[in-house]
Amino acid sequence: MTEDFHPKRIASSRGVVELTDEKVTYIADSNSADRFLPRIAVARSTTENGKTTIEKSFRTFEAVDMNRVLDFNEVPDPPEDTTMRVCEDGGTDGLKFPVRNVCVRGGYLFYFDVEDVDDHVRGAYVSYHAPPIGVVPLDKVDVATPPGGRRVFRDHAHTDAKYGYEFVLIHAPDGGSETTRPAAFFVAESLAQREKWLKALRSRAEATADTKLRPDVVARREKELMQDIKPRRPKRTQKRKTNDEDEDAEDIESQYVEEAKREFGISDFRDDIWLNNFFMNNNDFDSGTKIDQLEQWQASIKRGLRGAVLEQYEYFVEASGEMTTMGKEVAALKSMVETQNELIKEMKDIDFTGAFADGDGDKDGDGDEMDSLDSNGGENNNDEPVVDKGDRARLRRQMRSGNDDDDNSSLSSDEEVARVERLREKLKQDMSADGITEDHVNTHIEVPSWLDDVSEEIAAFIKECRYTDATDLFFKAKSEVNDILNQHDRPTENKLTKKQHANMLNMLSTLESLSERMSSRLVEGLRRKNEAYKQSGKRDRSDPLSLMAPMVSPCCLNDDSIPLHLLVKLGKTQEAATAYAARRSLLLLESLHERPISGSGNVDLVIYAAQLSQSFFSCLATAVEGFLDLFLVQDVTTMPRDDGELSALSAASGNVPPGALASIVLWCDSELSKFSSAFGGTRILGNLALSPPPRQELVPSRSRVVGFEEEGYKVNKERQNAIEVASQCVDQAFTFASENLDSIGLPLTPRLAEYIRSRLKGCESEVSKLLNSKWRHITFEWEIELDEADIPMDEGRRFSSQAMSRSQEAAA
């Protein structure tokens, strides 16, 4: 609540008028560079005989000044004083966020130590026992929150600010020589509290008025005089004395006070000048008389102040009593409202259909139920009353009307009362037999309060890229909601209301949408990172200087482990397998581009083939093992999946979903094809002079050409050397593939043999003969030779024409 400010006006009989104007200002704290301390700027203007003098001074801000600070009129009411975390410099310990009591008055935000504030008082009646430890000016400031919807700034994520909602006050000067003040960070306890304070701070940042103080009723020096006065409660019935002696005494007291004000009440009073003037105009013997006069004046002033203080204390006691009464009335109103809320909830839960069904005994339509007694007169063989619908309706009717007389009833009043009592006892016995107590009647399942904000918390975690926390909270909330729905579906008395049941179903759909959003963000993040690594590898391989120094590819980093595990936990197994295969493809590509260890000149192809095979197949085996471990570490009971998702194949493969397992097997086949292309290309086999066997070896010729024996011998020798080297290289590839892949249960050596056979340029039969006998079971098809009858007709004609032309040239 704001008030208009009026300067304190003091008028005296000598025609002197004094005006006192106080306002709040601030000064930098000498102990902390990023903190400001509040001060009081005092301006006293004295007008005497038409001449005005102004004196300005500063004093420290005290605890009693806090209740005198006025708020602006043109802005909304400030929020209630509350506790927040304030960013402070902890020296060697770094930034700290201790809890402070925060309040807004005018154009300043004050914060106190929580020990200096009454814990049992909040709102507009907070009592402060010490001055504030800091103040933040609100003029020319911008109020900002963490970007991207985060709760805290990234620089403060490791501090205690992570337990609330942070905002910052940034000074934005207009320009010129004004110094920029340091930023001030605050952490609210909840999102609603932060929004409320942001609105209040922004409205005060636009105000340009000064923050002033209301006049003090009791002067500060008068408080020191009143310390020895014991307060006492004056009686309201006590009145002023009406006799002449009392009136004369009061006149004398007021005369003494007026004389003291005339002599000492001037603004520029100085005690040394007054003392010098006294002894210049009087002798030493007059000092005793003057001392007695001063003591009389002092006593009169004390008595006058005592009366004023007692009167103010009386007003304070009356106000305290009124506040106590108002507090009791507010508590009573609160209790009444809570009772009405409970009554409304009970009325909402009433089953009117069942109540109307109990009144079927009224057959004649006149409101009287017909007696539906059994053949034994309303009692069974066990001498117990039968509780029928007519009895229940009659019981309700009598409880409503309170009248025991019923002309249409066949029972008398006494008998009816006894029957009602028997009915009540029977109902209690039936409920006890069924295990139903009063607590079980109209009971509802209690929904935890933290589920109300769980969707917002998960969305905030996703915006802050805290996917692990979001996943944990997601499964916790989903498990809680499923348990509540399962309790509702059980045939028990505990049921959800229709509104609660609808809220639970909506919450499940909301959680599923948040899960989809988080999964898409994880997949997109992995895709972008893999694409960046791919482009980086291309740039490094195209750089000629990369051959001068060793290099470690960033693809070797296992920085995708957490996102992949989260995808598997969220049930996105196919997406996890695709992202995993994309990263490992980059790693295998780096292994195919390794530099030969035998040097960059004449490369020993056998050693280089062993190097490539060892690097590639060991990486491939490690990738397959990592893929299996990615699913083996997950708990099958907690991993969300549809019915029938896991088959016998996945159970035998460590609970790996069959779709993901099939995709990783196809990926292994594609990687083998890439290895065969590199192995049969310019890396290994492309450097050998491999060629199909000559036609003379396929089909022996009966004619012999003279002069071509030596040239054919050289060609056959070079080809034979290439075949021997190729067989050794192929043997190295088969050996390392078998050693690394057979041990993990993935025998892909026959598939590798099919890819390499197409790269041997028709020499597979000779290479197979030179290979070790242990590979005979996968290369036996390579040794099939063509007979002369199997040669196509066009090939035989071409061979015969070539042989005839060569014989004619030799004869010539």
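Which ones in the stretch 186-200 are in contact (Cβ under 8 Å) with a residue 40 or more places away in the chain, of a type outside the set (A, V, I, L, M) and not in a helix (DSSP H, G or I)?
Within the stretch 186-200, PHE186, GLU189 qualify.
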| note | Within the stretch 160-208, restricting to residues that are within 24 Å of LEU37 (Cβ to Cβ) and of a type in the set (Phe, Trp, Tyr), the one that is nearest to the chain's Cα centre (by Cα) is PHE167
| request: Mind listing whichever residues of the stretch 40-66 are modelled with pLDDT under 85 and not in a loop (DSSP other than H, G, I, E, B)? | output: ARG44, SER45, THR46, THR47, GLU48, LYS51, THR52, THR53, ILE54
| query | Of all residues in the stretch 251-265, how many are touching a residue at least 60 places away in the same chain (Cβ under 8 Å) and either open to solvent by less than 60 Å² (accessible area, probe 1.4 Å) or not in a helix (DSSP H, G or I) (or both)? | reply | 1
| remark: How many residues of the stretch 466-480 are touching a residue at least 40 places away in the same chain (Cβ under 8 Å) and either more than 10 Å from the chain's Cα centre (by Cα) or open to solvent by 30 Å² or more (accessible area, probe 1.4 Å) (or both)? The answer is 5
| message | So, in the stretch 451-465, exactly how many residues are open to solvent by 60 Å² or more (accessible area, probe 1.4 Å) and of a type in the set (D, E, K, R)? | response | 4
| request: Go through the stretch 136-146 residue by residue and tally those that are modelled with pLDDT of 90 or more and open to solvent by 30 Å² or more (accessible area, probe 1.4 Å). | output: 3
| message | Restricting to the stretch 49-91, and then to whatever is under 21 Å from TYR111 (Cα atoms) and of a type in the set (Gly, Ala, Ser), can you tell me which residue is farthest from the chain's Cα centre (by Cα)? | response | ALA63
| remark: Residue hits (the stretch 173-211; open to solvent by less than 40 Å² (accessible area, probe 1.4 Å) and touching a helix residue (DSSP H, G or I) at 6+ places or on another chain (Cβ under 9 Å)) are PHE186, VAL187, ALA188
| field | Single match in ASP284, ASP268 (criterion: part of a loop (DSSP other than H, G, I, E, B), closer than 26 Å to LEU19 by Cα and over 60 Å from the mean Cα position of the chain (by Cα)) | value | ASP268
| request: Within the stretch 334-350, identify whether any single residue is surrounded by fewer than 12 Cβ atoms within 10 Å (Cβ to Cβ), assigned to a loop (DSSP other than H, G, I, E, B) and modelled with pLDDT under 75, and answer yes or no. | output: no
| message | Looking at ARG528 and the list (1) touching a Ser or Thr at 6+ places or on another chain (Cβ under 9 Å); (2) open to solvent by 60 Å² or more (accessible area, probe 1.4 Å); (3) modelled with pLDDT of 80 or more, which single condition is not satisfied? | response | (1)
| request: Tell me which of these GLU222 doesn't satisfy, since it passes every other one: (1) surrounded by 12 or more Cβ atoms within 10 Å (Cβ to Cβ); (2) closer than 28 Å to TYR108 by Cα; (3) modelled with pLDDT under 75. | output: (2)
| query | On the given criteria, is THR83 open to solvent by less than 60 Å² (accessible area, probe 1.4 Å), in a strand (DSSP E or B), over 30 Å from VAL152 (Cβ atoms) and touching a strand residue (DSSP E or B) at 6+ places or on another chain (Cβ under 8 Å)? | reply | no
| said: Regarding the stretch 8-26, can at least one residue be identified that is surrounded by fewer than 16 Cβ atoms within 10 Å (Cβ to Cβ), within 30 Å of ARG262 (Cβ to Cβ), touching an Asp or Glu at 6+ places or on another chain (Cβ under 7 Å) and at pLDDT 85 or above? | reply: no
| message | Within the stretch 587-685, considering only helices (runs of 4 or more DSSP H) that don't extend past its boundaries, which have at least 1 residues that are polar (S, T, N, Q), open to solvent by 30 Å² or more (accessible area, probe 1.4 Å) and modelled with pLDDT of 85 or more? | response | 605-632, 658-678
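Go through the stretch 719-770 and give me each residue that's of a type in the set (A, V, I, L, M, F, W, C) and farther than 18 Å from PHE675 by Cβ.
First, pick out the residues of the stretch 719-770 that are of a type in the set (A, V, I, L, M, F, W, C): 722-723, 725-726, 729-730, 733-734, 736-737, 741, 744, 746, 748, 752-753, 756, 760, 763, 767, 770.
Within the stretch 719-770, ALA722, ILE723, VAL725, CYS763, LEU770 qualify.
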| task | Check whether at least one residue in the stretch 113-135 is of a type in the set (D, E, K, R), within 17 Å of THR25 (Cα to Cα), free of Cβ contacts under 8 Å to residues at least 60 places away in the same chain and exposed (fewer than 15 other Cβ atoms within 10 Å of the Cβ), and report yes or no. | result | no
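Residues GLU809, GLU739, GLU754: which one is surrounded by fewer than 19 Cβ atoms within 10 Å (Cβ to Cβ) and modelled with pLDDT under 80?
Answer to the selection: GLU809.
The values are calculated or read from the model by the stated rules, or taken from the named source; none is laboratory data. Everything quoted here is computed from the prediction, not taken from an experiment. All Cβ positions, glycine included, derive from the backbone under ideal geometry; neighbour counts span all protein chains shown. Heavy atoms of the whole protein, side chains included, go into the accessibility calculation; ligands, DNA and RNA do not. Shrake-Rupley method; radii C 1.70, N 1.55, O 1.52, S 1.80 Å.
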